[in-house]
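This report concerns only the one structure given below.
The values are calculated or read from the model by the stated rules, or taken from the named source; none is laboratory data. These numbers come from a predicted model, not from an experiment. With ideal geometry, Cβ positions are generated from the backbone for all residues, glycine too; neighbour counts draw on all protein chains shown.
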Amino acid sequence: MITAHIGLGANLGNAEATLRSAAAALRALPRSRLTGLSSLYRSAPIGPAGQGDYLNAVACLETPLPPHELLLALQDIEDRHGRLRLERWGPRTLDLDLLLYGNDHISTVRLTVPHPEMTHRNFVVIPLLEISPAACLPDGAPLAGLEIAGDRQGLAILRSGPAWGD
Ligand code: ROI
């Protein structure tokens, strides 16, 4: 089993309903176990202006799936939520990013892990640390030591706690 961290993001349609449904789909992945789900965050958009705020969360998954199989499973969940791939950096119905896959470094045409932008994005690092405070990059650097880990600018908790129950 490997511990994988997955970033969830949405800013089109009913983003909260989409992320709830995506979390349920992650829970249902074969032979895998969802062991952590961060609070649901609202975040200011990074990228082109004019798009709405995002909702973001991070999930922790224990899985035997090899990285490219996990990637296909994530893309399948994106597709089932009507992901439109219109423009790079543009708005999306659902974005599932493989952030960390154990301590692996993966660099292929299809997949780069750790996710190349993750260490610059508070909407990834802060939710990830909420569920995995001791998480490290493959080189051993603790995520908690990153400057972005202390930068909550543009980030707010919309639903706190486990599984967003009310
Ligand atoms: N901005 C925020 N706040 N959250 C995201 O998930 C997100 N995803 C993206 C881009 C367009 C880079 N901006 C984002 O893919």
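How many residues does segment 14-36 hold that are within 16 Å of the ligand (Cβ to nearest atom) and either touching a helix residue (DSSP H, G or I) at 6+ places or on another chain (Cβ under 6 Å) or among the small types (G, A, S) (or both)?
Qualifying residue count for the region: 3.
Quick one: A44 ticks every box in (1) more than 18 Å from I2 (Cβ to Cβ); (2) hydrophobic (A, V, I, L, M, F, W, C); (3) away from the ligand (no atom under 11 Å from the Cβ) bar one, so which box is it?
(3)
Are any residues in segment 19-39 surrounded by fewer than 23 Cβ atoms within 10 Å (Cβ to Cβ) and closer than 24 Å to R152 by Cβ, and if so, which ones?
Across segment 19-39, the qualifying residues are R20, A23, G36, S39.
Restricting the search to segment 134-154, which residues are surrounded by 11 or more Cβ atoms within 10 Å (Cβ to Cβ) and within 23 Å of T35 (Cβ to Cβ)? Lay out the reasoning, then the answer.
Quick first cut of segment 134-154, residues surrounded by 11 or more Cβ atoms within 10 Å (Cβ to Cβ) only: 135-138, 141-144, 146, 148-152, 154.
Those that are surrounded by 11 or more Cβ atoms within 10 Å (Cβ to Cβ) and within 23 Å of T35 (Cβ to Cβ): A135, C136, L137, P138, A141, P142, L143, A144, L146, A149.
Could you tell me how many of the residues in segment 56-91 are of a type outside the set (F, W, Y), surrounded by fewer than 22 Cβ atoms within 10 Å (Cβ to Cβ) and either at pLDDT below 85 or within 11 Å of the ligand (Cβ to nearest atom) (or both)?
Going through segment 56-91 one residue at a time, the tally reaches 9.
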